[in-house]
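A short write-up of the structure that comes next.
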Amino acid sequence: MSATPTNPLVPEPWKVQRVHRDTADTFTMELESAGGKRELPFAAGQFNMLYVYGVGDVPISISGNPTKPSSIVHTTREVGPVTSALRKLKPSDCLGLRGPFGVGWPVVEARGADVVIVAGGIGLAPLRPALYHLLAARNYYGKVVLLYGTRTPADILFRKELQNWHSRFDLEVHVTVDRAMGSWHGNVGVVTTLIPRAPFDPHSTVAMVCGPEVMMRFTVQELEKRGVALENIYLSMERNMKCAAGFCGHCQFGPTFVCKDGPVFRYDRVQPLMQVREI
Amino acid sequence: MNPLILDRSHFDTLLEALAARGYRVVGPTLRDGAIVYDDLASSADLPVGWKDEQDGGKYRLVRRDDQALFGYAVGPHSWKRYLHPPLVRLWQATRQNGGFDVVPEKVEPQKTAFIGVRSCELHAIQIQDRVFMGGPQVDSAYKARRESAFLVALNCGQAGGTCFCVSMNSGPKAKEGFDLALTEVLEEGRHYFLLESGSDAGAEVASALNLSEAGPEEIAAAGRVVANTASEMGRALDTADIKELLYRNYENPRWDQVANRCLTCANCTMVCPTCFCTTVEDVTDLGGEHAERRQRWDSCFTLDFSYIHGGSVRPSARSRYRQWMTHKLATWIDQFGTSGCVGCGRCITWCPVGIDITEEARAIRQSESAPQSLAREDVNGD
Amino acid sequence: MEIETLKTLLSEHPFVSGLNSRYVELMVGCASNVRFKPGEFIFREGGNADQFYLLRHGRAAIEIYAAERGSITVMTVGEGEVLGWSWLFPPYRWMFDARALELTRGIALDGKCLRGKCDEDHELGYELMKRSMQVAEQRLQATRLQLLNLYDVRPLSTEAR
């Protein structure tokens, strides 16, 4: 993983290049280093802690292209004071960045296999870098399938990009929504309903799953039903984070620290933990 | 270096030698009915002739019938208040040119000598060393404070009412990790300290005191002190397979029982010498020109410790007590290679309702060999 | 359409997977090939549930119409899936609308015909019941997850600090 050359607890100033509203409550920010020169190499699945002056910082998944690290892209939902404050930033405004942190998606381990990516809601954001990586190194992988579910058609993220991907011959994209009006002619139903008929070979597949915890649990069940081995399924977990460097203790999930042992976990390793309520 | 003898009447020469070398000298002192850690000017500041009586939820000081300088066990303070302080500033930021500049806090701690570090506390310091310096990320502030500390260990002359260092293999004899180690001996009219050196820095200070070497009788006497302490432990904890035991028992009804008593007051985490959890606070001045981030002690017992959007992962007292105890005795081993508990007994003493970690561990262990009682509890439990 | 071809098409559908060839033949006797244009209604709420459909190609929306909201799609059903089970239980009426979203082809199975054959041969009845229950179970599970509104985040006054 990319090492943070400076103190992981001290933010560095970065500037907002662009802000773009994706949906009613989700937005994407592109950042550049305040000095203008610095790149931030990262692995797909890693996150940064973004600090708004005087307000606080929060963990936000990097949603951009790991093969193009000169501009750092984050996609996040507006859910509290810090993300609301982030939302108000305009191009050339300053924010603080610490990172990247965490263990990313197994894009190397997946070589030689089919890859099925299952994203629920904002979960598509930390998975998008994995997709970029796979497409940039397409020959290493078998079939690549993206299954994406969200609440309604208005909540679909990265629509244009999805449409581009949908038209590629080397990528299958299936999108579904939980509910829709009659004008939507796509799939309606939870994302797990896309799994039984998705075109991948369960005996030679690596699955990368991200979304609400309930959705991930049921996704794993469906994948398992199709014969995907639990050690070939990877999830991205989320817990309260303060330091993101393994010192503050907040993000503990059983014996793991989500900030440094995750957020991506191999499912068989965390399965016993996911079965304990309030762990 | 062979053990030396430091007579009680010359004890202050040790403190003076440390002060002369630029050390701030801190150690136990009596304040507000408890023995706490604070600055020491001389041995007169020590709780001379005092003893503590400790039990679940109970701490009292009583007079000894001798003038021992260290005739008590540990109090509510641990050395983490110096090495991992309750409140520190991490950095400051000032508005500048449409953005802001960040100035990390310079950590240049004064050299500090800790007087009277018990073996359990040495282990606790080493445990926190692993947390803050043993992984891929190093907490540079902790490292700076740690490297500026001089440890004068003290082999306990009596076990506290809630002590169980023997069970946790963390005492009572200090084996390593100290600069100097003292054993206080009061025997046959004599009052002296056996002094051992554990590092170059310690040897340097010891040699400056011009002490005579200890004879075999004195070494034996010091050995008796330690052996006596080991034999009078107030508690015991069976650590055989404790990690697997707790991993198997996430749904044990015992957690419901202890949850009925636990106030989630977080006392245990504050007095525990290894608990390290912190949170951060971001503050600005009224004008917004100046912002800073502070790190302060936090506790997994608070409701918002595990808060993520929508709610807390551990809303119940049951899950929070379980988290603390399972972390301390089990998951800590997977995280850092050792137990998180050193058997100092503080969590038992300072719990307002006297919850006893050794009793809880025993109950869970016994519930496995007594399925009958488990079934009964099960009916009332969940 | 030739019976032989119908039998092949029927055998290919996942709903029939593992069913004894004899029973597949019994089903063929109640089967016919159907095709719906985009936007065409397959069945309407309140109508007689005379048939159910094994979809082979395309996508159909299961809809409810609410006057003030228009038609709401609660689920879509596609290739390899089953549309309708109201043929099994009295009063044999459709509870929802179903509409083809794109060109949709499938095999229609006559409910009354099949019910008759199931009454005669309980083995066939048991096999069809098992498969229909499985479809119902999958729908129920998916519906429960839909109800959770998983992607919603409760509005907060304070974020984790």
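Readers should treat all values here as calculations from the given coordinates under stated rules, not as data from a laboratory. Keep in mind it's a predicted model, so treat the numbers as computed, not measured. Heads up, the Cβs are rebuilt from the backbone with ideal geometry, glycines too, and the neighbour counts pull from every protein chain shown.
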> Which of the peptides C:64-72, C:88-96, B:27-35, B:301-309 is most tightly packed, and how do the rest follow, judged by the mean count of other Cβ atoms within 10 Å per residue?
Replying inline: B:301-309, B:27-35, C:88-96, C:64-72
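Residues with beta-carbon under 10 Å from that of B:ALA206, excluding B:ALA206: net charge, scoring Lys, Arg +1 and Asp, Glu -1?
-3
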> For chain A, list the DSSP H helices whose alpha carbon atoms reach 15 Å or more along the long axis and whose average Kyte-Doolittle value is 0.0 or above?
Replying inline: A:124-136
>> Relative contact order of chain B, please, whole-number percent, based on alpha carbon pairs below 8 angstrom and at least 6 residues apart.
In response: 21
> What does the charge count near B:GLU217 come to, summing +1 for each Lys or Arg and -1 for each Asp or Glu among other residues with Cβ under 13 Å from its Cβ?
Replying inline: -2
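Using a 10 Å cut-off around each Cβ of peptide B:282-293, what is the average number of partner chain Cβ atoms that fall inside?
Average neighbour count from other chains, rounded to a whole number: 3.
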> Quick one: if the Förster radius is 30 Å, what FRET efficiency do C:ARG44 and C:LEU140 give, using the C-beta to C-beta distance and rounding to 0.05?
Replying inline: 0.80
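Could you tell me whether the protein assembly as shown comes out rounded, prolate or oblate from its Cα gyration tensor? Rule is a ≥ b ≥ c as square roots of the eigenvalues, rounded for a/c under 1.5, then prolate if a/b exceeds b/c, otherwise oblate.
Prolate, because a/c is 1.5 or more and a/b exceeds b/c.
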>> I'd like the mean, over residues of B:96-105, of how many other protein chain beta carbons sit within 10 Å of each residue's own Cβ.
In response: 5
> Distance from the Cα centre of the stretch B:153-227 to that of the stretch B:268-340, in angstrom?
Replying inline: 36
>> Given the -39500 (n - 2.57) contribution per DSSP H run of 4+ residues, what per-residue ellipticity at 222 nm results for chain C, rounded to the nearest 500 deg cm²/dmol?
In response: -10500 deg cm²/dmol
> Put +1 on the Cβ of each Lys and Arg and -1 on the Cβ of each Asp and Glu in chain B; which of B:CYS344, B:ALA222, B:TRP91 then has its Cα farthest toward the positive end of the dipole?
Replying inline: B:TRP91
>> Can you find, among A:PRO202, A:PRO41, A:ALA110, the residue sitting farthest towards the positive end of the charge dipole of chain A, where Lys and Arg contribute +1 and Asp and Glu -1 at Cβ?
In response: A:PRO41
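Do the sum for chain A: with -39,500 (n - 2.57) for every DSSP H run of n ≥ 4, divided by all residues, what is the mean residue ellipticity at 222 nm, to the nearest 500 deg cm²/dmol?
-5000 deg cm²/dmol
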> Could you give the dipole magnitude of chain A about its Cα centre, charging the beta-carbon of Lys and Arg +1 and that of Asp and Glu -1, in debye to the nearest 20?
Replying inline: 400
> 222 nm [θ] for chain B, helices only, -39500 (n - 2.57) per DSSP H run of 4+, per residue, to 500?
Replying inline: -9000 deg cm²/dmol
> Based on the alpha-carbon gyration tensor of the stretch A:114-236 and its eigenvalue square roots a ≥ b ≥ c, which shape applies: rounded if a/c is under 1.5, prolate if not and a/b is larger than b/c, or oblate?
Replying inline: oblate
> If you plug each phi of the stretch C:61-69 into the Karplus form 6.51 cos²θ - 1.76 cosθ + 1.60 with θ = phi - 60°, what whole-Hz ³J(HN,Hα) values come out, in order, with x for Gly and Pro?
Replying inline: 9, 8, 10, 10, 9, 10, 3, 7, 10
>> Applying a 10 Å radius around every beta-carbon, put A:125-131, A:240-246 in order of their mean neighbour count, most first.
In response: A:125-131, A:240-246
> Using mean Cβ contacts within 10 Å as the protection proxy, how do B:4-12, C:101-109 order, highest first?
Replying inline: C:101-109, B:4-12
>> Quick check: the distance between the Cα centres of the stretch A:161-237 and the stretch B:69-100, to the nearest angstrom?
In response: 47
>> Counting only other chains, and only Cβ atoms inside 10 Å, what mean value do you get across the residues of B:271-281?
In response: 3
> Summing +1 for each Lys or Arg and -1 for each Asp or Glu, what net charge is found among the other residues whose Cβ lies under 14 Å from the Cβ of B:GLN110?
Replying inline: +3
